[in-house]
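Participant: Here it is, the structure, as structure tokens.
The values are calculated or read from the model by the stated rules, or taken from the named source; none is laboratory data. On a predicted model such as this, the values are computed, not experimentally measured, just so you know. All Cβ positions, glycine included, derive from the backbone under ideal geometry; neighbour counts span all protein chains shown. Heads up: the accessible areas ignore ligands, DNA and RNA and are worked out on the full protein's heavy atoms, side chains in. Shrake-Rupley method; radii C 1.70, N 1.55, O 1.52, S 1.80 Å.
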Amino acid sequence: MQIISLLQEDSRLSFNKIAHKLGISVGTALNRVKILEDKGVLKGYTVIVDPNKVGYGLTAIILIQAEGKHLLDVEKEVAKIRNVISVYDITGDFDFVVVARFKDRDSLNVFIKSLLTVPYVKRTVTNVALNVIKEDFRIKIS
């Protein structure tokens, strides 16, 4: 858990630094990280980019209803779309929710219209985030 916490703060930490911070050998740090990767606990390493600074300041949350027996197919198809950040199955009146980022209203408009052409999509409701109060996908491990 300590290794996961350290890597969430800085995924560029060397095995040497991990070992030093945890008081273990470099070999032990290397082996534990390898085990976490093999088990799929660590799925990859990345950087956190400020979407506004790279021109993707418009965040949309889209609720989608799909025809029941085709739900997984629709979700997989939507998940492939470039602007899509997250796809979640949800409870309630809609089947799943999509979070996506756009450069402007025009690209959001094109996206929404293309969603409606995906086979078995019955209905969408789009919400635009006005402000991002908190956005942190790291899991706080005690």
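Participant: Across the range 97-142, what is the total count of residues that are within 27 Å of TYR45 (Cα to Cα) and in a strand (DSSP E or B)?
Facilitator: So the answer is 6.
Participant: Another question, then. So in the range 104-129, with the set limited to residues that are closer than 10 Å to ILE64 by Cα and in contact (Cβ under 8 Å) with a residue 12 or more places away in the chain, which one is least open to solvent (accessible area, probe 1.4 Å)?
Facilitator: LEU115
Participant: Kindly list the number of the only condition in (1) open to solvent by less than 80 Å² (accessible area, probe 1.4 Å); (2) closer than 30 Å to ALA129 by Cα; (3) of a type outside the set (A, V, I, L, M, F, W, C) that fails for ASP73.
Facilitator: (1)
Participant: Could I ask something else about it? Which count do you get for residues in the range 130-142 that are open to solvent by less than 70 Å² (accessible area, probe 1.4 Å) and either hydroxyl-bearing (Ser, Thr, Tyr) or in contact (Cβ under 8 Å) with a residue 60 or more places away in the chain (or both)?
Facilitator: Selection size over the range 130-142: 1.
Participant: Looking at the range 15-44, I want the residues that are over 21 Å from ILE139 (Cα atoms) and have a partner that is of a type outside the set (D, E, K, R) and at pLDDT below 95 with Cβ atoms under 6 Å, at least 6 apart or on another chain. Which pairs are those?
Facilitator: If the second residue must be of a type outside the set (D, E, K, R) and at pLDDT below 95, no pairs are left.
Participant: Take the conditions of a type in the set (Val, Ile, Thr) and either under 30 Å from ARG123 (Cβ atoms) or touching a Pro at 6+ places or on another chain (Cβ under 8 Å) (or both) and apply them to VAL74. Does it pass? Even if it seems obvious, please write down each step before you answer.
Facilitator: Working: of a type in the set (Val, Ile, Thr): yes; either under 30 Å from ARG123 (Cβ atoms) or touching a Pro at 6+ places or on another chain (Cβ under 8 Å) (or both): yes.
Here the answer is yes, as VAL74 does meet what is asked.
Participant: Considering only the range 51-70, how many residues are buried (at least 17 other Cβ atoms within 10 Å of the Cβ) and polar (S, T, N, Q)?
Facilitator: 2
Participant: Please state which one of ALA129, ALA79, ALA100 is touching a helix residue (DSSP H, G or I) at 6+ places or on another chain (Cβ under 9 Å) and either of a type in the set (Lys, Arg) or closer than 28 Å to GLN8 by Cα (or both). Reasoning before the result, please.
Facilitator: Details: ALA129 fails: touching a helix residue (DSSP H, G or I) at 6+ places or on another chain (Cβ under 9 Å); ALA79 fails: touching a helix residue (DSSP H, G or I) at 6+ places or on another chain (Cβ under 9 Å).
So the residue among ALA129, ALA79, ALA100 that is touching a helix residue (DSSP H, G or I) at 6+ places or on another chain (Cβ under 9 Å) and either of a type in the set (Lys, Arg) or closer than 28 Å to GLN8 by Cα (or both) is ALA100.
Participant: Still on this structure, I have one more. Quick test for you: out of ALA60, ALA66, pick the one residue that is within 26 Å of ASP95 (Cα to Cα) and within 21 Å of the chain's Cα centre (by Cα).
Facilitator: One residue alone meets the criteria, ALA60.
Participant: Can you say whether LYS43 is charged (D, E, K, R), open to solvent by 70 Å² or more (accessible area, probe 1.4 Å) and at pLDDT 95 or above, as far as the supplied structure shows? It would help to see each step written out before you state the result.
Facilitator: Working: charged (D, E, K, R): yes; open to solvent by 70 Å² or more (accessible area, probe 1.4 Å): yes; at pLDDT 95 or above: no.
In short, no.
Participant: While we're here: Just checking, which of ARG82, ARG101 is open to solvent by less than 90 Å² (accessible area, probe 1.4 Å), under 14 Å from the mean Cα position of the chain (by Cα) and of a type in the set (D, E, K, R)?
Facilitator: After ruling out the rest, the residue left standing is ARG101.
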